[in-house]
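S.K.: Dumping the structure here so I can ask a few things about it.
Please treat every number below as a calculation from the coordinates, not as lab data. Please read these numbers as outputs of a predicted model, since none were measured by experiment. Note: ideal-geometry Cβ built from the backbone for every residue, glycine included; neighbour counts use all protein chains shown.
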Amino acid sequence: MVTCDGSADLNVSVNEALPMLEAGAMLLDVRELVEWSAGHDPVAVHMPMARVLLDAGQLDPAKLILVICRSGIRSLTGAAQLREAGFSAVSVDGGMRAWQQAGRSIVHDSGDPGTII
């Protein structure tokens, strides 16, 4: 997908992201806490968008970071910021909506099935 600012290389589809995740990439969920709590991928790490640059030191610079949000807009910004900070990062196009449609488990904080809000 090519965005209006020409950042095609920042986006990957869910179908491209899943093998990357299986190969050891980190899934970084940048949604707000209420969104995360309602439903997230069990292997994801939560870091709200406003904290990404502040808490980037907690991320492994040796790993590819798959940045995800609800629809793919915030994650595109997050991936760009992480790249500027020296990380290898891409945004998952379509976000958690597409992630769930691809059949990935979505869990609530309680461990019960979750929902994307």
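S.K.: Sorted by packing (mean other beta-carbon atoms within 10 Å per residue), highest first, where do 95-103, 56-64, 41-49 land?
M.R.: 95-103, 41-49, 56-64
S.K.: Out of all DSSP beta bridges with both ends in the chain, state the antiparallel percent to the nearest 5.
M.R.: Rounded to the nearest five, the antiparallel share is 15 percent.
S.K.: With each run of n ≥ 4 DSSP H residues scored as -39500 (n - 2.57), what mean residue ellipticity at 222 nm is computed for the chain after dividing by its residue count and rounding to the nearest 500 deg cm²/dmol?
M.R.: Calculated from helices alone, the mean residue ellipticity at 222 nm is -8000 deg cm²/dmol.
S.K.: Quick one: if you take sqrt(5λ) for each eigenvalue of the C-alpha gyration tensor of the range 29-78, what semi-axes come out, biggest first, whole angstrom?
M.R.: On the way: eigenvalues 56, 28, 24 Å².
Taking √(5λ) for each eigenvalue gives 17, 12, 11 Å, largest first.
S.K.: May I ask you to derive the FRET efficiency for H46 and E22 from their Cβ-Cβ distance with R0 = 25 Å, giving the value to the nearest 0.05? Display every interim value, and only then the final one.
M.R.: Working: r = 20 Å, r/R0 = 0.82.
My answer for the efficiency is 0.75.
S.K.: Once Rg/Rh (Cα atoms, Kirkwood Rh) is worked out from the coordinates, which option in (1) 0.94; (2) 1.10; (3) 1.18 does it equal?
M.R.: Identified label for the calculated read-out: (1).
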